[in-house]
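Quick notes on the structure that follows.
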Amino acid sequence: MRLLGLDLGSKRIGVALSDSGGTVATPYEVVQRCGDRPRDHRAIKALADEAGVEGLVVGLPLSLDGSVGPAARAALAEAAELGAATGLPVETYDERLTTVTAERSLMAQNLDAKARRKVVDKVAAAVILQAWLDSRPTTPPQSNVPDRTFPASQDRQD
């Protein structure tokens, strides 16, 4: 099952893409926010259509103690909007410290700050998507965003 992973930021949306088997996530694209959320969502839909994805995994910025704060509530609301805009099932996944992980990975590759800024969002999206892929059972879970579930017929082949 091919999926897009999304790291929703206030200025940019990092996008990652899984392989068709749903086992490996790769940084894919960075969508610059334009100040028009429906337009941003149309850009995500275009990427999803282009890649032939079957669902979205959206990073959920829980508080460090695991609680759902204002940022997580905003992400949940936008995840639901993305589901409606794309017609795809949406799942959220804890994204705590993913940007830190992405930054450390990029620093280990000796990229300078300017080069890191260009790619950190899509690398963070790949960290989120890979963590979700690694944590899931062989049968896709039910969506935790209302009215969106991954099709049961798309069971992962191990």
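Numbers for the structure displayed
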item	result
Radius, Kirkwood style, for segment 1-101 when every pair of distinct Cα atoms is counted (Å)	13.6 Å
By average C-beta atoms within 10 angstrom, highest first, the peptides 126-133, 76-83	126-133, 76-83
Stretch gain in nm, segment residue 49-residue 96, where the contour uses 0.36 nm per residue and the Cα spacing is subtracted	14.1 nm
Cβ-Cβ FRET estimate between residue 10 and residue 135, R0 fixed at 41 Å, reported to 0.05	0.95
Fewest-first ranking of 40, 19, using other Cβ atoms within 10 Å as the exposure measure	19, 40
Approximate spin-label separation residue 73-residue 39, in nm, with each point projected 7 Å along Cα-to-Cβ	2.8 nm
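Bear in mind that the values in this text are calculations on the coordinates, not laboratory data. What you see is a predicted model, and the numbers here were worked out from it, not measured in a lab. Every residue, glycine as well, gets a Cβ built from its backbone with ideal geometry; the counts of neighbours run over all protein chains shown.
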